[in-house]
1. Using the alpha-carbon centroid of each, what span in Å lies between segment 122-169 and segment 14-42?
2. To the nearest 20 debye, what is the magnitude of the charge dipole of the chain about its Cα centre, counting +1 on the Cβ of each Lys and Arg and -1 on the Cβ of each Asp and Glu?
3. Output the Cα-based Rg and Dmax of the chain in Å, rounding Rg to one decimal and Dmax to a whole number.
4. Using 1/(1 + (r/R0)^6) with R0 = 41 angstrom and r between the beta carbons of Asp23 and Asp138, what's the FRET efficiency to the nearest 0.05?
5. Pairs of Cα atoms under 8 Å, at least six residues apart: use those to get the relative contact order of the chain, whole percent.
6. Per DSSP H run of n ≥ 4, the term is -39500 (n - 2.57); total these for the chain, divide by its residue number, and report the mean residue ellipticity at 222 nm rounded to 500 deg cm²/dmol.
7. With r defined as the distance between the Cβ atoms of Ile97 and Asn152 and R0 fixed at 25 Å, what FRET efficiency is calculated, to the nearest 0.05?
8. Subtract the Cα-Cα distance of Ile169 and Glu127 from 0.36 nm times their separation in residues, and report this length gain in nm to one decimal.
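Read-outs throughout are calculated quantities, based only on the coordinates presented, and are distinct from any laboratory measurement. Because the structure is predicted, anything quoted here is derived from the model rather than measured. Note that we place each Cβ from the backbone using ideal geometry, even for glycine, and neighbour counts take in every protein chain shown.
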Amino acid sequence: MDFYEVIKTRRSVRSYKKDPIPDDVLKRVLNAARIAPSGNNRQPWKFIIIKDEERKKKMVELCEGQKFVAEAPILIVACGRNIHYNRGGWMGDYSMIVDVAIAMDHLTLSARAEGLGTCWIGSFDNEGIKKFLGIPEDVNVVALTPLGYPKNPDVFKETKDRKNLEEIICYDKWEGK
């Protein structure tokens, strides 16, 4: 699939088939996250792959009742280790969030290229998930995503609900609001 088609048609999927994901497909998707760039190549991420149905159901509670997170055959929890690096002079200890977000974006785009759906989950109980999954104190959950084949494959279509390019760029200095 053409790269720009992947970008244009990636969507947040909230309804999944139970069809298993072949191991080779899952490996390609996870490898896309592995090779993502990070500041000073620190790679502060770890991805927890949850396949167990009971564990996924428990995660629904920890994701503010979003039931669809347990519907896909896999739930991925993207974690980041505090790297104690003040990137940009203002981000402080949480600059790892940028790195993990880049890796998650690689993961979601590669999933789309494989015909898989994802949905970036940002509403969750960090401390509850850390306790439930045994995540160390200096690591935090950055995002989660279900991973599976969408019930409705027509979900992958370009949206027109985006600002015009002229609204989001300016040259040489800040202009506008």
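1. With segment 122-169 and segment 14-42 each reduced to a Cα centre, they are spaced 13 Å.
2. 260 debye
3. Radius of gyration, then largest Cα-Cα span, for the chain: 17.2, 53 Å.
4. After rounding to 0.05, the efficiency reads 0.85.
5. Details: 289 pairs, mean separation 59.1, N = 177.
So the answer I get is 33 percent.
6. -9500 deg cm²/dmol
7. 0.20
8. 11.4 nm
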